[in-house]
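Engineer: Mind looking over this structure? Questions follow.
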Amino acid sequence: MAEVLIDLKEIHRFYGDFEALKGISLKVEKGQIFGFLGPNGSGKTTTIKLILGLIKPSFGTVRVSGGDPYPNNHRNVRKNIGSMLELDGLYEKLTGLENVIFWAELFGINGLKAVKRAKKVIKLVEMSEWDNILVSKYSFGMRKRLALARALISDPDIIILDEPTVGVDPETRYIIRKMMKNLASQGKTVFFSSHDLEEIQKTCTHVAIIKKGKIISNGALNDVLAQFGKPKLFIRFESDFDTDSLGKKLEKMGYQIHVEGPLISLYPKNDLNIDDFSKYGIIDSWKVESSLEEVYLNLVTDKKAKT
Ligand code: ADP
Ligand code: MG
């Protein structure tokens, strides 16, 4: 089994009387791109702050690379982690390059080594042509990219990003997604929060869904899809076939169906046999696995989620 780099056990976190995290457990293994998905206010940032050792759990244990990340000045743990939070904390009056060099020095990288390393990570996020410009002149997307470069300064094995692509321009989004994949292909571990389902489905190997401080689903992306998603069956009939009448019959039989011209789509039940339709002149039929969006909506909206 792969090495567990982030291990949260039964974490509760209160803000005053309010319980923001209600006993969450999750493990992130080396090499995973782990997407942490949930609506606003569900506890994503709180979880990330716990992993970074910026706050302490009320109950439960947090382990990162085997150690307790709290308080955040624990050098060994921290050196191994790069992070980007919603607020970037960049210095407006320094250039991009100066900001990253300053950060390098905090990690004990100095002199020419710091300059070289800073230029390298700035190049990775495609910001080299802006590195001598003051950060106060940067757009939001440019700031995000620089913050990501800064997160990589110590060549960390674990990269934690809180909503990295929220509100950014398409080019920045593309660069950030590409970076996450590159990092994972080098054996690094990426943990990021998002409420963008498409992004999670496109980039992640693993996913946890959090709702109101509880994890309601957690595992390999395909397992989560298979567990909570239903495959949908599409059947295409001859163009002159009366799909409307057949649709009505199927509806009476209890199927949730959708008719569009010669195409009928439905969620098959166990007793459905495609051969029963063959007399109607089927042109073709195929199944489509549900998207993460469907799974998420099923789990997160109250009408269906009972887990
Ligand atoms: P997310 O990042 O998923 O939007 P957060 O972890 O920021 O969620 O917040 C989870 C819940 O905890 C929210 O209801 C939020 O209002 C509350 N919360 C977060 N930080 C604080 C704080 N410092 N004091 C009081 N309540 C907080
Ligand atoms: Mg947040």
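Engineer: Report the gain in length on full extension from residue 287 to residue 155: 0.36 nm times residue separation, minus Cα-Cα distance, nm rounded to one decimal.
Structural biologist: Residue separation times 0.36 nm, minus the Cα-Cα distance, leaves 43.2 nm.
Engineer: Which order, highest average first, do 239-245, 34-40, 257-263 follow once you tally other Cβ atoms within 10 Å for each residue and take the mean per peptide?
Structural biologist: 34-40, 257-263, 239-245
Engineer: Got a sec? Charge dipole of the range 31-153, +1 on Cβ for Lys and Arg, -1 for Asp and Glu; which of 108, 37, 83 is way out at the positive end?
Structural biologist: Selected residue: 108.
Engineer: Once the piece of chain linking residue 274 and residue 4 is laid out straight, how much longer is it, given 0.36 nm per residue of separation minus the C-alpha distance between them?
Structural biologist: Fully extending the segment from residue 274 to residue 4 adds 92.7 nm.
Engineer: Now for a different question. Given all pairs of different Cα atoms, what value in angstroms does the Kirkwood hydrodynamic radius of the chain take?
Structural biologist: 21.8
Engineer: A follow-up question, please. Could you tally up the Lys pairs in the range 231-288 with alpha carbons closer than 14 Å? Skip any pair fewer than 8 positions apart unless they're on separate chains.
Structural biologist: Eligible lysine pairs with Cα atoms under 14 Å apart amount to 4.
Engineer: Got the relative contact order for the range 92-155 handy, in percent, Cα pairs under 8 Å and 6 or more residues apart?
Structural biologist: So the answer I get is 48 percent.
Engineer: Quick check: Cα centre of the range 204-250 to Cα centre of the range 1-75, how many Å?
Structural biologist: The two parts, judged by their Cα centres, are 30 Å apart.
Engineer: Compare the peptides 278-287, 203-212, 141-150 by average per-residue count of other Cβ atoms within 10 angstrom and give them in order, highest first.
Structural biologist: Result, highest mean Cβ count within 10 Å first: 141-150, 203-212, 278-287.
Engineer: With the dipole of the chain worked out from charges on the C-beta (+1 for Lys and Arg, -1 for Asp and Glu) around the Cα centre, which of 256, 225, 159 lies farthest toward the positive end?
Structural biologist: 159
Engineer: Below 8 Å between Cα atoms, with a sequence gap of 6+, how large is the relative contact order for the range 87-201 in percent?
Structural biologist: Reported as a whole number, the value is 26 percent.
Engineer: Okay, next question. On average over all directions, what projected area in square nanometres does the range 231-288 have, based on the convex hull of its Cα atoms?
Structural biologist: 3.5
Engineer: Do me a favour and compute the ellipsoid semi-axes for the range 68-180 from its Cα gyration tensor, root of five times each eigenvalue, largest one first, whole Å.
Structural biologist: Over the Cα atoms of the range 68-180, the semi-axes work out to 21, 17, 12 Å.
Engineer: For a Förster distance of 51 Å, can you work out the FRET efficiency between the beta-carbons of residue 249 and residue 202, rounded to the nearest 0.05?
Structural biologist: My answer for the efficiency is 0.85.
Engineer: For the chain, with a Gaussian network of springs between Cα atoms less than 10 Å apart, report the residue from 225, 134, 250 with the top mean-square fluctuation.
Structural biologist: The residue that fluctuates most here is 250.
Engineer: With only Lys, Arg, Asp and Glu charged, each at its Cβ (+1 for the first two, -1 for the last two), find how big the charge dipole of the chain is about the Cα centre; round to the nearest 20 debye.
Structural biologist: Computed about the Cα centre, the dipole is about 1180 debye.
Engineer: So, R0 is 41 Å and r is the distance between the beta-carbons of residue 230 and residue 12; what FRET efficiency does that work out to, to 0.05?
Structural biologist: The value I calculate is 0.75.
Engineer: Would you mind computing, in nm to one decimal, how far apart the modelled labels at residue 110 and residue 79 are, each placed 7 Å from Cα along Cα→Cβ?
Structural biologist: Going from the residue 110 label point to the residue 79 one covers 1.5 nm.
Engineer: Would you count, across the range 102-198, every pair of lysines whose alpha carbons are under 22 angstrom apart, provided the pair is eight or more residues apart or spans two chains?
Structural biologist: Qualifying lysine pairs in the range 102-198: 22.
Engineer: Moving to a separate point now. If the chain between residue 129 and residue 185 were fully stretched, how many nm would it gain, using 0.36 nm times the residue separation less the Cα-Cα distance?
Structural biologist: 17.5 nm
Engineer: Can you give the calculated 222 nm mean residue ellipticity of the chain, where each DSSP H run of n ≥ 4 adds -39,500 (n - 2.57) and the sum is split over every residue, rounded to the nearest 500 deg cm²/dmol?
Structural biologist: Taking each H run of at least 4 residues, the total per residue is -9500 deg cm²/dmol.
No lab work stands behind these numbers, since they all come straight from the coordinates. Please read these numbers as outputs of a predicted model, since none were measured by experiment. As a convention, Cβ positions derive from the backbone with ideal geometry for all residues, glycine included, and neighbour counts pool all protein chains shown.
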